[in-house]
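Any read-out appearing in this document is the output of simple, stated calculations on the displayed coordinates, not a laboratory observation. Since the structure is predicted, the reported quantities are computational estimates derived from the model, not experimental observations. Cβ: placed from backbone, ideal geometry, glycine included. Neighbour counts: every protein chain shown.
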Amino acid sequence: MCGVLLPFFQDMLQSEEHFANYCGYALALGRHKIFDRLPEIKAPALVVTGTPDFITPARCSYDLAHQLGGHATLVDDVSGSHYYIFEEPLKLAQEMSRFAETHCPRLCP
C-alpha cells in the first residue's frame, strides 16, 4: 500500500513550508461551511468523482450533487481517483463537452 500512496504524499511533503500551506488549506476548508447554501445555486453544475478516491470519497460528491437540488449532473467513474483529470483526461473532456452541449448549446459549435 505504501508504494501506491507515496506519489500522492510526495507532492504534499516537498518542504516544511509546502506542508504548512497544505495544513493551512485543510484547516480553512474545515471552517468554510457552505453546504446548507448549495440549494441557492441555480446554475447547472457538473460534479465528477471517482469511486476509488480515498482523499475525497465519492459519497461526498453524491451528497454535493443531491444538495444542489437537481441542478447537478453527477459522473462517477470507477476508474478514476482524486487525480482523475490526469488519469482519464479524454474521458473527462468528453463528459465536460457533453455537459456543455446539454446546458450551453449556444456556446458549442
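Structure summary
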item	result
Lone unmet requirement of (1) in contact with an Asp or Glu (Cβ under 7 Å, 6 or more places away or on another chain); (2) crowded, with 17+ Cβ neighbours inside 10 Å for L68	(1)
Filter result (among the small types (G, A, S) and either farther than 18 Å from A93 by Cα or part of a helix (DSSP H, G or I) (or both)) within the stretch 31-52	A43
Count - residues of the stretch 11-30 that are in a helix (DSSP H, G or I) and touching a Phe, Trp or Tyr at 6+ places or on another chain (Cβ under 8 Å)	1
Number of the condition not met by D53 [criteria: (1) farther than 23 Å from L29 by Cβ; (2) surrounded by 13 or more Cβ atoms within 10 Å (Cβ to Cβ); (3) in contact (Cβ under 8 Å) with a residue 24 or more places away in the chain; (4) among the charged types (D, E, K, R)]	(1)
